[in-house]
Amino acid sequence: MMHNLSLDLYEAVDRDAMADAMDVMVAAFDPAYGEAWTLPQLAGVMTMPGTWLTIARIDATPLGFALVRSVLDECELLLLAVAPLWRGRGVGETLLHDSLRTARRKGITSMNLEVRASNNAIRLYEKAKFEFVHRRPGYYRGNDGQLYDALSFRIDMRI
């Protein structure tokens, strides 16, 4: 983990944490793909039971976040984002591993995720031992109307 990097876990609506996540989201997601969520979408998910948001910060500066939703013994990594200036420094990997540890503490046995087929984060998920499940052709529609395939991944945390 990076020196001075803190991970703060939020399991309920927290306006400051959501504002930090939105700051990272605006910077991290290319508008062409239309993947960024709105604040009302984020707030709506945060009201659901079993949802948690982790913000990675150095001092008060948000560098990245992970959003996870769980149901029974499964969870889904809904969003993982790192501000562009902080990519390649282990922030995403730290957030991913922390999300897996948090899930295990909660008794969750598997984590799922979907990602655009051209997203560089796929290497991060494969390195963490997520396994490819299937491809969804044309699943995402970019802001320009272009369709992009989604790849589904899963990790069994009982192994």
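Points worth noting:
- Full extension of the chain between Asp23 and Ser110 gives 28.4 nm of extra length, using 0.36 nm per residue less the Cα-Cα distance.
- Percentage relative contact order, the range 5-156, counting C-alpha pairs under 8 Å, at least six apart: 21
- Long-range Cα-Cα pairs in the chain (distance over 24 Å), rounded percent: 31
- A simple count of charges around Ala27, restricted to other residues whose Cβ falls under 12 Å of its Cβ and scoring Lys, Arg +1 and Asp, Glu -1, yields -2.
- Label-point gap, in nm, between Val133 and Ser152 - each point 7 angstrom along Cα→Cβ: 0.5
- Projected label distance in nm at Asp59 and Arg123, using a 7 Å step from Cα toward the beta-carbon: 3.0
- The spacing between the range 104-159 and the range 43-64, judged by their C-alpha centroids, is 20 Å.
- Ordered from longest to shortest, the equivalent ellipsoid semi-axes for the range 59-125 are 22, 15, 9 Å, each the square root of 5 times a Cα gyration tensor eigenvalue.
Throughout, read-outs are computed from the coordinates displayed, never taken from laboratory work. Here the structure is a predicted model, which is why all the values come from computation and not from measurement. So basically every Cβ, Gly included, is an ideal-geometry build from the backbone, and we count neighbours across all protein chains shown.
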